Amino acid sequence: MTRQELINNIARKRSFLCVGLDSDPLKLPECILNKTVSPAQAMLEFNKAIIDATAPYCVAYKPNTAFYEALGAEGWEVLGQTVEYIRKNHPDQFIIADAKRGDIGNTSALYARAFFGQMGVDALTVAPYMGSDSVKPFLGHEGKWVILLGLTSNPGSHDFQFLTTGGEDTRLFERVLDTAQQWATPDELMFVVGATQGDMFATIRRHAPSNFLLVPGVGAQGGDLATVCRYGMTDDCGLLVNSSRGIIFASRDENFAQAAADAAKELAGQMDNLLTEYSKI
């Protein structure tokens, strides 16, 4: 998916919501578990119901690969089937594999082949710690995106990301943002920035004024959507805000899909107002 196609979807739906498919088998509704023969199959049926219910209100889905890989080969198969289901039934959706890959060049090239070629996702989250030769193999694939970890929302982000570098006042996350933009344009490079960072989005935008930002942490993790938009939204939106547990586990009863739809619709309604206030689309 191109940048303009993504922007067009945001403008058409008046939403920049990304639904995280963190489908923990231990939290699936009993009504799903009782109808299926394995946790992996329960996950697939749950995903299908959630996707169909929330698709009108979002522009992207983000399966966290750890939840699928934990189930072994069958879980990996379910991940592929989930991507295929979205492609077939909701082809306007942007699909992100949240895998946080990044290794030496030939290994990264194989990861790129696995996710972009075999699985067919639009974007992959990538860890930048090993530098350019671990990131560049993911770049240059037509219509595909690298979403590089920039400033994360976990408490441990302060262990490394805020350290100053080279005797300067530049913090490590700022160096990552500046350096990565030498490798790729905003047409194929996004950054992950956690919603709980609040007004730090103003700093992020000084370093990355045009890149889309994938923003986890709204909802269950306590990030404030209005603050994210006030400091982080651009004229063409420039944000994909992810919500996982607050939507997919809004209910664990038989009405789980409708509850997810209601939660997504409510969040999309807030996004519509914020697009009007802070963007030009």
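Give the Debye-formula value of log10 I(q)/I(0) at each listed q (0.18, 0.19, 0.24, 0.27 Å⁻¹), with one equal scatterer per alpha carbon of segment 59-145, two decimals each.
-0.76, -0.84, -1.22, -1.39
List the pairs from K62/K265; K13/K136; K27/K48 whose alpha-carbon separation is above 21 Å, in the order I gave them.
With Cα atoms farther than 21 Å apart: K13/K136.
More than 17 Å apart: what percent of Cα pairs in segment 138-219 qualify?
Summing the P(r) of segment 138-219 above 17 Å gives 45 percent of all pairs.
Kindly express, to the nearest 10 degrees and within the range 0 to 90, the angle between helix 39-54's C-alpha long axis and the longest C-alpha principal axis of the chain.
So the inclination is approximately 70 degrees.
What do you get for Rg/Rh of segment 216-278 when both radii come from the Cα atoms and Rh is the Kirkwood radius?
We get a ratio of 1.02 for segment 216-278.
So if a site counts as exposed when it's one of the GluC sites (Glu not before Pro), its DSSP state isn't H, G, I, E or B, and it has at most 13 other Cβ atoms within 10 Å, what's the longest stretch of the chain without one?
1-141
Find, among the chymotrypsin sites (Phe, Trp or Tyr not before Pro) in segment 73-137, those assigned to loop by DSSP (not H, G, I, E, B) with at most 13 other beta-carbon atoms within 10 angstrom.
Y129
Placing unit charges on C-beta atoms (Lys and Arg positive, Asp and Glu negative, everything else neutral), compute the dipole magnitude of segment 3-278 about its Cα centre in debye, rounded to 20.
180
In the chain, what % of DSSP beta bridges are antiparallel (nearest 5)?
Approximately 5 percent, going by the DSSP bridge assignments.
I need the semi-axes of the equivalent ellipsoid of the chain: take the C-alpha gyration tensor, multiply each eigenvalue by 5, square-root it, list largest first in whole angstrom.
Ellipsoid semi-axes (Å, largest first): 29, 22, 17.
Here, each number is a calculation from the coordinates, and none is a lab measurement. Fair warning: this is a prediction, and the values are worked out from it, not measured in the lab. Ideal geometry is used to build each Cβ from the backbone, glycine not excepted, and the neighbour counts take in all protein chains shown.
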